[in-house]
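Notes follow the structure.
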Amino acid sequence: MVTDLAPTLLGMIPGDVAVLAVTPSGAGAPHAALLHGVGCRVGPLAEVVEAAARLQASRSPRWVWWSAEAGASPLVDAGVPVARAWDVAEAHRLLNGGWSATAGECWAAAHGIPLDGVPAAPTGDLFEFAADTPAADPDSVVDRAGYLRGDADQWLRDPAHLQAWAQAALETAHLQHDAAAATSVRLVGTVLSESAAAVLCLELWRDGLPIDRARTEQLLAAAVGPRPTSDAEEAASRRARDEAVLRHVPGRESTDLRNPAQVREMLLAVGVDVPNTRKWVLEPYRTVHPVVDALLTWRRDERIATTYGYRWLDAHVGPDDRLRGRWTACDGAAGRMTAENGLHNLPAVLRPGVAAHQGHVFVRADLGQIEPRVLAVVSGDPAFAAATRADDLYAPVAARLGVERAVAKIAVLAAMYGQRSGAAGEALKGLEQAYPVAMDLLERAAAAGRRGEPLRTYGGRVIPTGRFLAASPVGADLALDAARGRFARNAIIQGAAAELFKAWAATVRATTRDLGAQVVLCLHDELLVHAPAEHAAEVAARVDRALDDAARRWAGGAPVRFVADTSVIARWSDAKE
DNA sequence: CGGTGAACGTA
DNA sequence: CGTACGTTCACCGA
């Protein structure tokens, strides 16, 4: 089915725009609508994906979808190299803060109508007769109150409705674009970058992280013993691990090591009196009583046994020896990418198990001192920007303050994160003298956070601080205020660093694909690219160039230098540090 | 059965 | 421990 569209809605997002809208999952045989120019094609999903693949190859349009999950998944699954996108859900999160970004919420926010009136999906509950939301026209995508119809999932079972659904996405995207452009010049660019990151997240899930299964099994065996072949063996292995701790405390062998209260009691009985049993609290007692050392060793191995053990390996490493988890492009307050199934918190001892596959290498790159360099950009402090010319930024800062490098580093970190402990006091005074613009930005962010006011990152993303707002009046809880201040200091730096990182990752993805390279891990300031061995040097060079390009675009010509440590390795553990 | 806090892995 | 997130466990209250 091909129909003509009135072109009145087209043209506000710059470039050649195409829209892909897909039947929600679980709503019968999947169909899709593809809008491009003045044409619309609606049909079975596979056919529309083919048409979209041809369009990608011939025009590389700016794809608009309600979300990457909803719109880009079929293309990513089909291996279509999506280049440009406007992701309505990601744009909504950037523009309004928060995580929830259903089509109905995005539509309402873009149209400036109250979010608390967004109709919920029908539950089939009898009480729905009592709801006072006006019934929607059977063929209209909006209800009589101007919201997207709440029963859209049901309504979209009819493929004839998909065109209107796609047009609604486009209308929302155009309104978001205008709102973003009116807010700041950078925010539009941030939406484009986050939209690309959302596609990258789907590819990270699709492609997975290459694993050396045999080596990983060896590492697990070293930590928690050989793979158990029965429940009984697993229980015996667990008892043996517990026994190694409990034999140090005769008479208290019944202590449940997994119960912190019982552990604390057990420690008290041997003369170790601690407020809690956290690692850094117990560390000083390692030599006081042998049970403490045994307990901390037990905890490390127990972590591997429960979280990163054989069950984890079997569940998340596929038959193609790839570790897979779901990724999100921009979660919560920090604005960083997140990943599930251990991709973001794999213990260092397991890293030798992450290995490039046959004929391939890893190009690993991590950003050096990204946070203070980001501070130089977002604050526009010329003196601090000058310090970023050094490979080691803390060296010129220390020279300027007349202190040791270590002191300068602690002071800068304290300013960015609101750290209170340690001897950063004097050096902090020096920082305020030497870099008043940067320090003022941080203090103003902290003050806004203490007042519970929303912040914006350098890229324009809204950071709500309201989630910390208690019922108590402002200023009633000093500890809470201080926590909000630290959160705010941190959020504008980590959030901006995350924006630069994603721009870099998206650029690497785009510029190394033709060499057969895949971005397989994104870890806040570190990238792992899986590449054919014969292209290793070229991929590494492009990773470095991508940083220069992304940083120049992101920082808008600010005289701030970013540096990457890039190396070609076989195993993740081959990286230095 | 769902929510919460302790604990700990990563940056 | 300065912040953030994901995972697992035991406990609590229904």
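The values are calculated or read from the model by the stated rules, or taken from the named source; none is laboratory data. These figures come from a predicted structure and were not determined experimentally. In this analysis, Cβ positions are derived from the backbone assuming ideal geometry, glycine residues included, and neighbour counts consider all displayed protein chains.
So which residues in segment A:287-324 are part of a loop (DSSP other than H, G, I, E, B), on the phi < 0 side of the Ramachandran plot and more than 12 Å from DNA strand B (Cβ to nearest atom), if there are any at all?
Within segment A:287-324, A:THR287, A:VAL288, A:HIS289, A:GLY309, A:GLY318, A:PRO319, A:ASP320, A:ARG324 qualify.
Quick check on A:ALA505: is it small (Gly, Ala, Ser) and farther than 27 Å from A:VAL363 by Cβ?
No, not satisfied.
Of everything in segment A:148-165, what is closer than 12 Å to A:ALA121 by Cα and outside any helix (DSSP H, G or I)? Give them in sequence order.
Those that are closer than 12 Å to A:ALA121 by Cα and outside any helix (DSSP H, G or I): A:LEU148, A:ARG149, A:GLY150, A:ASP151.
Being closer than 30 Å to A:GLU217 by Cα and in contact with a His (Cβ under 7 Å, 6 or more places away or on another chain) is the filter here, so list the residues in segment A:260-308 that pass it.
A:PRO290, A:VAL291, A:ALA294
If you go through segment A:362-379 one residue at a time, do you hit one that is farther than 30 Å from A:GLU432 by Cα and touching a helix residue (DSSP H, G or I) at 6+ places or on another chain (Cβ under 6 Å)?
Yes, segment A:362-379 contains at least one residue that is farther than 30 Å from A:GLU432 by Cα and touching a helix residue (DSSP H, G or I) at 6+ places or on another chain (Cβ under 6 Å).
Given (1) away from DNA strand C (no atom under 16 Å from the Cβ); (2) surrounded by 23 or more Cβ atoms within 10 Å (Cβ to Cβ); (3) not basic (Lys, Arg), identify the lone condition not met by A:ALA399.
(2)
Quick one: A:ASP548 ticks every box in (1) crowded, with 16+ Cβ neighbours inside 10 Å; (2) under 21 Å from A:ASP392 (Cβ atoms) except a single one, so which number is it?
(1)
Taking A:ALA383, is it surrounded by fewer than 16 Cβ atoms within 10 Å (Cβ to Cβ), away from DNA strand B (no atom under 14 Å from the Cβ) and outside the structural domain of A:ASP87 (by TED's automatic domain parsing)?
When the stated conditions are applied, A:ALA383 passes them.
Mind checking whether some residue in segment A:328-336 is closer than 26 Å to A:ARG238 by Cα, within 10 Å of DNA strand C (Cβ to nearest atom) and not in a helix (DSSP H, G or I)?
no
Give A:ALA365, A:ALA315 a once-over and let me know the one that is within 26 Å of the chain's Cα centre (by Cα) and within 9 Å of DNA strand C (Cβ to nearest atom).
On inspection, the qualifying residue turns out to be A:ALA315.
For residues that are assigned to a loop (DSSP other than H, G, I, E, B) and more than 13 Å from A:TRP298 (Cβ to Cβ), tally how many sit in segment A:256-274.
6
Which one is nearest to the chain's Cα centre (by Cα) among residues in segment A:337-349 that are more than 8 Å from DNA strand B (Cβ to nearest atom) and touching a residue at least 12 places away in the same chain (Cβ under 8 Å)?
Ranking the qualifying residues of segment A:337-349, first place goes to A:MET337.
Select, from A:ALA109, A:ALA72, A:ALA103, A:ALA21, the only residue that is free of Cβ contacts under 8 Å to residues at least 24 places away in the same chain, closer than 30 Å to A:PRO464 by Cβ and among the hydrophobic types (A, V, I, L, M, F, W, C).
Going through A:ALA109, A:ALA72, A:ALA103, A:ALA21 in turn, just one is free of Cβ contacts under 8 Å to residues at least 24 places away in the same chain, closer than 30 Å to A:PRO464 by Cβ and among the hydrophobic types (A, V, I, L, M, F, W, C): A:ALA109.
Out of the residues in segment A:268-280 that are within 16 Å of DNA strand C (Cβ to nearest atom) and either surrounded by 12 or more Cβ atoms within 10 Å (Cβ to Cβ) or not assigned by TED's automatic domain parsing to the domain that holds A:ALA240 (or both), state the one that is farthest from A:GLU243 (Cα to Cα).
Looking at the filtered set, the residue picked out is A:VAL274.
Mind checking whether some residue in segment A:213-227 is under 35 Å from the mean Cα position of the chain (by Cα), basic (Lys, Arg) and closer than 30 Å to A:PRO14 by Cβ?
No, every residue in segment A:213-227 fails to be under 35 Å from the mean Cα position of the chain (by Cα), basic (Lys, Arg) and closer than 30 Å to A:PRO14 by Cβ.
Select from segment A:223-267 the residues that are among the small types (Gly, Ala, Ser) and either within 12 Å of DNA strand C (Cβ to nearest atom) or surrounded by fewer than 12 Cβ atoms within 10 Å (Cβ to Cβ) (or both) and list them in ascending order.
Scanning segment A:223-267 gives A:SER230, A:ALA232, A:ALA235, A:ALA240, A:GLY251, A:SER254, A:ALA261.
Return yes or no: is A:GLU283 among the acidic types (Asp, Glu) and either away from DNA strand B (no atom under 11 Å from the Cβ) or under 28 Å from the mean Cα position of the chain (by Cα) (or both)?
Answer is no for this residue.
Hey, any hits in segment A:353-362 for a residue that's in a loop (DSSP other than H, G, I, E, B), surrounded by fewer than 16 Cβ atoms within 10 Å (Cβ to Cβ) and touching a Pro at 6+ places or on another chain (Cβ under 6 Å)?
Taking every residue of segment A:353-362 in turn, at least one turns out to be in a loop (DSSP other than H, G, I, E, B), surrounded by fewer than 16 Cβ atoms within 10 Å (Cβ to Cβ) and touching a Pro at 6+ places or on another chain (Cβ under 6 Å).
Just to be sure before I move on: is A:PHE501 modelled with pLDDT of 95 or more, part of a helix (DSSP H, G or I) and within 14 Å of DNA strand B (Cβ to nearest atom) in the structure I sent?
Here the answer is yes, as A:PHE501 does meet what is asked.
Please verify whether A:PHE384 is more than 16 Å from DNA strand C (Cβ to nearest atom) and under 23 Å from the mean Cα position of the chain (by Cα), treating the condition exactly as stated.
Judged against the criteria, A:PHE384 is not a match.
Which of the residues spanning segment A:281-311 are farther than 18 Å from A:ALA348 by Cα and within 13 Å of DNA strand C (Cβ to nearest atom)?
A:VAL281, A:LEU282, A:GLU283, A:PRO284, A:ARG311
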